[in-house]
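A short write-up of the structure that comes next.
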Amino acid sequence: MPLIDLDGLRIHYQQKGRGEDVVLLHAVTGNLSIWLFSNLMGVLAEEFRVTAFDLRGHGASDVPASGYTSADMVEDLRRLHAALRLGPALLVGHSFGAVVAVHAAVLYPDMVRGLILSDPYFPGLAHLEPNLADAEMWREVREALVDAGAELDEEVDFTRLFQIVAALSPSQLTRLRETMRPSSMRWLSQLPRLAATTCGHDVFLPVGLTAERICQVRQPLVALYDEHTSFSATRRFLAANLPGAQMEIVPGAKHVAPLQNPGAFTALVQKHLRAMARANGHPCSSTTPGSIIS
């Protein structure tokens, strides 16, 4: 399991392939396995050098008590980028990972060649999405937990969610296994490790990534929104305010396109990365992909 020490913080990463650098950024409460289950990493590694890593507090990376804003995650990305000696990279981010990608493009524009965003919600654009609690992903989790006897308010509160899941009794967990999909249970099992951290609070802070700063992004940008997204207003904002940005719809997906429609998602990411690479003067590599580097 490749781990790299970034000023005392151990980050789990995997790297595969040869060519222009692509970095994959998963969502909060997820981990890099989403890029393996969807086979996105394997497909892209045939043409690019692909690096995926677990954000702090996630997967096999260390779990610090604090430091979970998008700005904090950008600093982790910057240190990883330097430690692995990556070139200016094409960033692919899902959900909060997309927020981190955009924040990186704003703070360190020379580090980022292009951006592909998957169904992002931006804390700095929260005024556009006042009905976040109505998002289907939140409703499904809340209803399952309430059915199991847990008390979770309608208002979106990740801190409370993490604490409730950490305190579930064996009988409540049994009930959840009866009502939730195995993939949802795997996701739920990752939450207790974040209960003692500030993650649930931090990820909803704009920390400078305001609407004005988002509009300053000048790198090539593609936003892949799911057919059943809860963030249509954000999609319209990006389309109207980022000159040259391209919008695509992933059929049938509802926030987790890499797993809900991996074929369409992978094809769209591959298509747009190829276009960005050609525009950057870096034709895609045709060499045989390498193995994971530790």
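The values are calculated or read from the model by the stated rules, or taken from the named source; none is laboratory data. Everything numeric here is computed off the predicted structure, so don't read it as measured data. Glycine gets a Cβ as well: all are built from the backbone with ideal geometry, and neighbour counts include every protein chain shown.
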> Looking at segment 210-251, which of the residues that are under 22 Å from T29 (Cα atoms) and of a type in the set (G, A, S) is surrounded by the most Cβ atoms within 10 Å (Cβ to Cβ)?
Replying inline: A223
> In segment 31-54, which residues are part of a loop (DSSP other than H, G, I, E, B) and either within 15 Å of the chain's Cα centre (by Cα) or outside the structural domain of R85 (by TED's automatic domain parsing) (or both)?
Replying inline: N31, L32, S38, D54
> Q163 versus (1) out of contact with any Asp or Glu (no Cβ under 6 Å at 6 or more places or on another chain); (2) free of Cβ contacts under 8 Å to residues at least 40 places away in the same chain; (3) closer than 30 Å to E212 by Cβ: which is the lone unmet condition?
Replying inline: (3)
> Which of the following residues is of a type in the set (F, W, Y) and closer than 30 Å to R278 by Cβ: Y121, Y108?
Replying inline: Y108
> Which fully enclosed helices (runs of 4 or more DSSP H) of segment 174-281 have 3 or more residues being of a type outside the set (D, E, K, R)?
Replying inline: 182-189, 199-202, 232-241, 257-260, 262-279
> In segment 125-156, what residues are surrounded by 14 or more Cβ atoms within 10 Å (Cβ to Cβ), modelled with pLDDT of 90 or more and in a loop (DSSP other than H, G, I, E, B)?
Replying inline: E129, A148, A150
> When the residues of segment 179-209 are filtered to those that are under 23 Å from V102 (Cβ atoms) and small (G, A, S), which remaining residue is nearest to the chain's Cα centre (by Cα)?
Replying inline: G200
> Going by the conditions given, is S171 closer than 26 Å to A267 by Cα and in a helix (DSSP H, G or I)?
Replying inline: no
>> Anything in segment 55-98 that is touching a residue at least 24 places away in the same chain (Cβ under 8 Å), among the charged types (D, E, K, R), assigned to a loop (DSSP other than H, G, I, E, B) and surrounded by fewer than 21 Cβ atoms within 10 Å (Cβ to Cβ)? List them, or say none.
In response: D62
